[in-house]
Every structure is written in C-alpha cells, then in structure tokens.
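Contents: one structure, followed by commentary.
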Amino acid sequence: MKPNPAQFRKSFTWAAVAALCVFSVRPAVSAPATWTGGAAPDGNWTTAGNWGGVAPSALDLLTFAGTTQLQATNDFATGTIFNNLSFGSTAGAFALAQPLLAAAVLTLMLGWALIATGAVRIWLGTHLLPGSKSMMILAGIATLLFGLVIVIGWPGNSFFVLGIILGLDLLFYGASMIAFGMRLRNA
C-alpha cells in the first residue's frame, strides 16, 4: 500500500495541532526565585535570606545556583507544588547533596518525556501497516498513561515510580517491537 501524501499532510497537521494544544497550556506562574544560600547556616527553603531576600511560594520557578549553602532543605508543607526546579550552570553539587530532590526532578522529567514519547508512538502507530498498527498504538497509549500517572502524582510518587513505570514502559514497547519485527518478517 503506497502512502497517500494528502493523508500524511492531514495527519501531520492534526498531530501538530495536538502537540501545540498540549504544550501551550501552562499553569499560573509566580515570580522566579533563585537560591543564593545567603542565610547560612540555615538551609531551609522558607528562609527569605536564601533566596536573595524573598522566599518562594507555591507555583514559583525555583533555580538553584552558586556554591553557597548546598545543604538546601525543602521545609515547605507536604504537597506544596512548584512549577519548575532547575539547576543553573554555576550550581554546586545540589543533586549529590540532596538525592531526594534529584529523584523528584528526574521523576518529573521522566513523566513529561513519557507523555511526549507516548504521543509520538500513537501517531507513528496510525501510519503503520494494519498487522503491526495495534501493538504500536497500544504501546503509545500505555506510555502516555504512565507519563500522566507520574506527572499527576508528582512529587509524592518520586520515591518508587522511576523503576516501576520505566519497567512497564519497556515491557510494552518491547512487545510492540516484537510484533513489528514479526510483521516485517512476514511481509
């Protein structure tokens, strides 16, 4: 079966529109806050001196920079949500000193990566031959759902989700690749 260019353009257009809708939705954002560690020896996140005079609040964009006060402690109430945690190019070993914070950041990054990967797998699956189409789409749906579970449950699920969800994702993707290879062998 020869690919239809008009159908491809239509599918690509819908995929682009869907991607724009998903990635253009942003929650309300407060002011960005950059860690200076100026209140040493107090390394608490709620201490204004560690953030250049103004402590962050929920939904802020938090950036850790510099090499002062690397023992930063998140003492906000459990469940306080921030829009972003990032480490500046001049940041010291925050991730090494705070493995739980590093796990939380990696978990969130994994969640968004799985959502994007799942969307791409679904789109690609719709363009395969009928025999291998269903497994690729199923793998994409599973990957997309795993990503949503991570992002919705973050940061509370950061301690166990990395291994479980990644293992399940690899299982579904491996099954889809086996089905794809079997279809190619029979073609």
Count of region 88-121 residues which are modelled with pLDDT under 80 and not β-branched (Val, Ile, Thr): 15
Qualifying position, being without any contact (Cβ under 8 Å) to a residue 40 or more places away in the chain, assigned to a loop (DSSP other than H, G, I, E, B) and under 17 Å from Ile152 (Cα atoms), among Phe76, Phe82: Phe82
Condition check for Ala91: within 30 Å of Thr68 (Cα to Cα), free of Cβ contacts under 8 Å to residues at least 40 places away in the same chain and not in a helix (DSSP H, G or I): yes
Given (1) outside any helix (DSSP H, G or I); (2) at pLDDT below 85; (3) out of contact with any Ser or Thr (no Cβ under 8 Å at 6 or more places or on another chain), number of the condition Thr68 does not satisfy: (3)
Hey, Ser158 among the polar types (S, T, N, Q), surrounded by 14 or more Cβ atoms within 10 Å (Cβ to Cβ) and over 26 Å from Ala31 (Cβ atoms) or not: no
Filter pass, Leu124 being more than 16 Å from the chain's Cα centre (by Cα), surrounded by fewer than 17 Cβ atoms within 10 Å (Cβ to Cβ), modelled with pLDDT of 90 or more and assigned to a helix (DSSP H, G or I): yes
Near pairs, Cβ below 6 angstrom, 6+ apart or cross-chain, from region 49-64 (in a loop (DSSP other than H, G, I, E, B)) to any residue that is surrounded by 15 or more Cβ atoms within 10 Å (Cβ to Cβ) and β-branched (Val, Ile, Thr): Gly52/Thr36; Ala55/Thr46; Ala58/Thr80
Lone qualifier among Ile164, Ile152 - being modelled with pLDDT under 85 and not assigned by TED's automatic domain parsing to the domain that holds Phe64: Ile164
For Thr78: the one exception among (1) modelled with pLDDT of 85 or more; (2) exposed (fewer than 14 other Cβ atoms within 10 Å of the Cβ); (3) under 30 Å from Gly38 (Cα atoms): (1)
Residue in region 157-171 that is over 23 Å from Ala102 (Cα atoms) and more than 14 Å from the chain's Cα centre (by Cα) present: yes
Top-ranked residue in region 176-186 [being within 19 Å of Ile122 (Cβ to Cβ) and exposed (fewer than 15 other Cβ atoms within 10 Å of the Cβ); ranked as farthest from the chain's Cα centre (by Cα)]: Ile178
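The values are calculated or read from the model by the stated rules, or taken from the named source; none is laboratory data. Here the structure is a predicted model, which is why all the values come from computation and not from measurement. A quick note on method: Cβ atoms are made from the backbone with ideal geometry, for glycine too, and the neighbour counts reach across all protein chains shown.
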